[in-house]
Amino acid sequence: MLSFDLTNVRRLLCVGAHADDIEIGLGGTLLSLLQRTPDLKITWAVASAPGPRADEARASAQAYLREHAASSIQIAGFRESFFPDQWTDIKQWFEELRRQGDPDVVFTHFRNDRHQDHRVLSDLAWNTFRNHLILEYEILKYDGDLGTPNLYVPLDPAIAERKIDLLMRHFISQTSKHWFTPDTFSALHRIRGVECASPSGMAEAFYARKAVWQPTP
Ligand SMILES: [Zn+2]
């Protein structure tokens, strides 16, 4: 199997439609990268977090980024569930993110995600970042839209556990939802772990729709 190394990345842009999307989709991958890369700089951009969810999103992001002072947390105020009607404004938000620097990797939602807000962010990431590695993350949900990812990140057991612990600790407003439980997150880790023969049995997975080989001279 050809392996893929993310440890030389220095700048990441992570976009999430809602307060907890980034953590659910790539929390384990981020914890692994942050542990290995002290000078990693992350732009953590959440498009919508109404009411108490903004405080939850900020506290959670700060827990990830506390030792990475160069990173930034940006929480916008777009209307949840109505992103398709806010296309122009969200596009302008992406242009602003683009002006802030040139990320090595852009993490966004899965193109075929059935949540309309997620799809808007996926489409606009591709629309805005034209010469970048874009990795799309997945979120297990009622709609039943899981696909067949093609890039896997095996997770150390302690990292998988910490990701879930941070989710349950910081997003109290979500814990009344039937799906927001530790076993939901663990189940998807386990499925993706089986698919990539992860030594720990756990993994997160992404869609690498397009990659360019640039041989070093
Ligand atoms: Zn979401």
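Computed from the coordinates by the stated procedures, all read-outs in this text should not be read as laboratory data. Bear in mind the structure is a predicted one, so any value in this text is a computation, not a measurement. Cβ: placed from backbone, ideal geometry, glycine included. Neighbour counts: every protein chain shown.
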Potential lengthening between residue 9 and residue 81 on full extension [0.36 nm per residue; Cα-Cα distance subtracted] = 22.7 nm
Okay, helix-only estimate at 222 nm for the chain: each DSSP H run of n ≥ 4 adds -39500 (n - 2.57), divide by all residues, round to 500 deg cm²/dmol; what do you get?
-> -12500 deg cm²/dmol
How are the C-alpha pair distances of region 24-126 spread across 5 Å bins, as whole percents from the shortest bin up?
-> 2, 11, 21, 24, 22, 14, 5, 1
With a ≥ b ≥ c taken as the square roots of the eigenvalues of the C-alpha gyration tensor of region 106-217, please select rounded if a/c is under 1.5 and otherwise prolate if a/b is larger than b/c or oblate if it is not?
-> oblate
In angstroms, what radius of gyration and Dmax does the chain have, counting Cα atoms only?
-> 16.2, 54
Roughly how many debye, to the nearest 20, is the charge dipole of region 104-149 about its Cα centre, given +1 on each Lys and Arg Cβ, -1 on each Asp and Glu Cβ, and no other charges?
-> 100 debye
Quick one: Cα centre-to-centre distance for region 13-70 and region 80-152, in angstrom?
-> 15 Å
Connecting every pair of Cα atoms under 10 Å apart in the chain and solving the GNM, the largest mean-square fluctuation among 176, 198, 48 falls on 176
Kirkwood Rh and Cα Rg combined as Rg over Rh, evaluated for region 102-154 | 0.98
